[in-house]
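Visitor: Before anything else, here's the structure in question.
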Amino acid sequence: MARRAQAAGVPVLALAGSIGKDSSDVHAAGIDAIAGIIPIPMDLDTAVAEGATLLREATERTFRVLLLGSAISSRLGDPRLGTAA
């Protein structure tokens, strides 16, 4: 799905349980950005049991960062967004 989105020029953000040390394979697969959903160290059983909550909270954190970036770009007049300062 990520490669199809990439081919169509659609950015892809993936949420994962953990990210690991090297994300080059993820980016090569067409994923533009990745964020982990586990904010603190926890055992697998806890992560699985709290998966829905972890995903919901990570989604909110991630979209807040996206909104912040959009607001900053708008204020700075980012030419990629077609806005002027």
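Visitor: Could you check how many residues of segment 17-57 are hydrophobic (A, V, I, L, M, F, W, C), assigned to a helix (DSSP H, G or I), farther than 19 Å from residue 1 by Cα and out of contact with any Gly (no Cβ under 7 Å at 6 or more places or on another chain)?
Guide: So the count comes out to 6.
Visitor: Consider residue 77 carefully, then state whether it is loosely packed, with under 14 Cβ neighbours inside 10 Å and on the phi > 0 side of the Ramachandran plot.
Guide: When the stated conditions are applied, residue 77 passes them.
Visitor: Within the bounds of segment 60-68, is there any residue that is surrounded by 11 or more Cβ atoms within 10 Å (Cβ to Cβ) and either more than 17 Å from the chain's Cα centre (by Cα) or part of a loop (DSSP other than H, G, I, E, B) (or both)?
Guide: Checked segment 60-68: no residue is surrounded by 11 or more Cβ atoms within 10 Å (Cβ to Cβ) and either more than 17 Å from the chain's Cα centre (by Cα) or part of a loop (DSSP other than H, G, I, E, B) (or both).
Laboratory data are not the source of any read-out in this text; all were calculated from the coordinates shown. Computed from a prediction, not measured in an experiment: that's the story for all the values here. When we count neighbours, we look across all protein chains shown, and the Cβ atoms used for this are built from the backbone with ideal geometry, even at glycine.
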